Structure formats: structure tokens, C-alpha cells
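Chemist: Below are the C-alpha cells for one structure; questions will follow.
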Amino acid sequence: MVELNRAVAVSMTQGPEAALRIVDGLAAEPALARYHLLPSVRGDLLGRLGRTAEARAEFERAAALTRNESERELLLERARELGPEAGT
């Protein structure tokens with residue numbers, strides 16, 4: 001969890017690409033496998049990099065992992081803001 005927070009700080013100082021490398025390294029951590037904030041942060045970083053389809057998928061994954069209905073709706077709204085999937 002500390003590393004995820006560090007990734008957010010890195011995104012503010014060094015940019016989303018540097019932070020994404022940290023977040024991607026955390027993806028293999030068993031303790032974070034079902035933690036909704038990991039795909040949420042990853043979705044934000046991907047969106048900032050213009051990788052909208054990947055970002056949308058990450059926000060949807062984060063929404064599926066959270067138990068909080070308000071948070072789920074916020075994450076799904078973030079996914080919708082990225083526009084429709086290609087080809088639909």
C-alpha cells in the first residue's frame with residue numbers, strides 16, 4: 001500500500017509513465033490482487049497517457065472489486081467519461 005501511495009506521488013512529480021512502472025510492478029503482489037485502488041490508480045495513469053481503452057477496463061475492474069456502492073458508481077462514471085469502447 002505504501003508503494004501505491006508512492007506511485008501517486010511519483011505521478012505528480014515525474015509524470016504518469018514513471019508512476020505506471022511502479023504500479024505495474026505491484027500487480028504481482030498477492031496482497032494487492034483484490035485491492036480496488038490498484039486498478040483505480042492504474043486507470044487514472046493510463047487515462048492521463050491517452051490509453052483510454054485500457055484505462056476504461058481498469059476503472060471497470062476497480063468497480064467490480066469494491067464493496068462500496070458510492071465508490072463503485074464513481075469508478076463506473078470515470079470509465080464512462082472515457083467514452084465508448086472502440087467498435088461500439
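Chemist: Can you find, within segment 7-33, the residue that is surrounded by the most Cβ atoms within 10 Å (Cβ to Cβ) among those that are in contact with a helix residue (DSSP H, G or I) (Cβ under 6 Å, 6 or more places away or on another chain) and closer than 17 Å to Leu65 by Cβ?
Modeler: Applying the filter and picking the extreme gives Val23.
Chemist: Hey, Glu3 hits all of (1) modelled with pLDDT of 95 or more; (2) in a helix (DSSP H, G or I) but one; which does it fall short on?
Modeler: Just one mismatch for Glu3, condition (1).
Chemist: Please enumerate the residues belonging to segment 65-78 that are assigned to a helix (DSSP H, G or I) and either among the acidic types (Asp, Glu) or over 21 Å from Ala7 (Cβ atoms) (or both).
Modeler: Within segment 65-78, Glu69, Ser70, Glu71, Arg72, Glu73, Leu76, Glu77 meet the criteria.
Chemist: Among the residues of segment 32-44, is any aliphatic (A, V, I, L, M) and not in a helix (DSSP H, G or I)?
Modeler: Yes, segment 32-44 contains at least one residue that is aliphatic (A, V, I, L, M) and not in a helix (DSSP H, G or I).
Chemist: Right, Ala62: at pLDDT 95 or above, buried (at least 18 other Cβ atoms within 10 Å of the Cβ), of a type in the set (A, V, I, L, M) and within 24 Å of Gln14 (Cβ to Cβ) or not?
Modeler: For Ala62, the condition - at pLDDT 95 or above, buried (at least 18 other Cβ atoms within 10 Å of the Cβ), of a type in the set (A, V, I, L, M) and within 24 Å of Gln14 (Cβ to Cβ) - is met.
The values are calculated or read from the model by the stated rules, or taken from the named source; none is laboratory data. This one's a predicted model, so the numbers in the text were calculated from it and none came from an experiment. Cβ sites come from the backbone with ideal geometry, for glycine too, and all protein chains shown count toward neighbours.
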